[in-house]
Amino acid sequence: MLLQVNGVTHTYRETSLFRRRVAKAPVLSNVSLTIEEGKCVGLLGTSGAGKSTLGKVILGLQAPQQGQVLFQGEDLYQASAHTRKRLRRDLQVVFQDCYSSVNPRMTAEQIIGEPLENYERLSVGEQKRRIGDLLEMVGLTPADMRKYPYQFSGGQLQRINIARAIALKPKLIVLDESVSSLDMVNQTLILDLFRELQSAFGLSYLFITHDIKAAYSISDALAVMEKGKMVEMCHDKNGIFTSEHPAVKSLVSSILPEHPRQRVLLSR
């Protein structure tokens, strides 16, 4: 198993008027999740369900109060600094806001080159060739490496972020609402790109989204969170259509056509 999240619980704390730390309700409560190599799990839920916090826990950015995150068999929060750095190479992320995810003063070449400089020992020429290849993989051109973020459209800049994420050929990419800020045309293009890259490199994804249509189109399995809890896990994504949980039925009702025959076709 590539990723195992076991019984993760996390609570944010806030300071009261008298500077005492007051515990809020758990944002994650005994959450478990698994992802196999080469598979995509769609993580669904409304705003505030805990999806992005779970993503941060998986990425090693937010240590939970309880539970365990195993990536490639290693405990992410108990591993040595050396092991965590090695694991971080195989664990990348693409965030929702493509503009805040990059330094506006850096060129596309510098943005994509960051992970290569951290983990690879390439000559200047080798790195330029690698970046040019990555740009072509995401539908851009080597000439684009000289451009700055403001010179790209939102869809193009998200492709830059994707090129950076795949630069080290990771095992798992966390896609945190990575298409939700794009228009429908660019959403479709980016989702197609994710499929192509998955096929080419055997990538695994955790696709975090509130959009069940997007999740269904790309995922092998679907998980649903509500109020910090995992309320449904469908290893066959079509199982989402037969769930009896109210939160899942609400998500499904947002995409089901009115005619029963069309519903059957959609669930195939």
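Structure data summary
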quantity	calculated
All positions within the stretch 119-143 that are surrounded by fewer than 12 Cβ atoms within 10 Å (Cβ to Cβ) and of a type outside the set (Val, Ile, Thr)	Arg121, Ser123, Gly125, Ala143
Output for the stretch 167-206, where each listed residue is under 19 Å from Ser100 (Cα atoms) and buried (at least 17 other Cβ atoms within 10 Å of the Cβ)	Ile173, Val174, Leu175, Asp176, Glu177, Ser178, Val179, Leu182, Asn186, Gln187, Ile190
Test result for Gln68, among the polar types (S, T, N, Q) and in a loop (DSSP other than H, G, I, E, B)	no
Scope the stretch 33-84; condition among the basic types (Lys, Arg) and over 23 Å from Leu222 (Cα atoms); matching residues	Arg84
Top-ranked residue of the stretch 24-47 - restricted to ones that are in contact (Cβ under 8 Å) with a residue 60 or more places away in the chain and surrounded by fewer than 15 Cβ atoms within 10 Å (Cβ to Cβ), ranked as farthest from Ser199 (Cα to Cα)	Ala25
Any hit, the stretch 107-116, residues being at negative phi and touching a residue at least 60 places away in the same chain (Cβ under 8 Å)	no
Scan of the stretch 189-242 for residues that are more than 15 Å from the chain's Cα centre (by Cα), assigned to a loop (DSSP other than H, G, I, E, B) and of a type in the set (Asp, Glu), ordered by number	Asp236
Residues of the stretch 73-131 satisfying the condition of being among the hydrophobic types (A, V, I, L, M, F, W, C), farther than 26 Å from Pro142 by Cβ, under 19 Å from the mean Cα position of the chain (by Cα) and outside any loop (DSSP other than H, G, I, E, B)	Leu87, Leu91
First in the stretch 184-211 and of a type in the set (S, T, N, Q), second anywhere and assigned to a helix (DSSP H, G or I), Cβ under 6 Å, 6 or more apart	Asn186/Gly155; Thr209/Ala215
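A short reminder: the numbers here are calculations on the coordinates, not readings from a lab. Just so it is clear, the structure is predicted and the values come from calculations on it, not from any experiment. Every residue, glycine among them, receives a Cβ derived from its backbone with ideal geometry; neighbour counts consider all protein chains shown.
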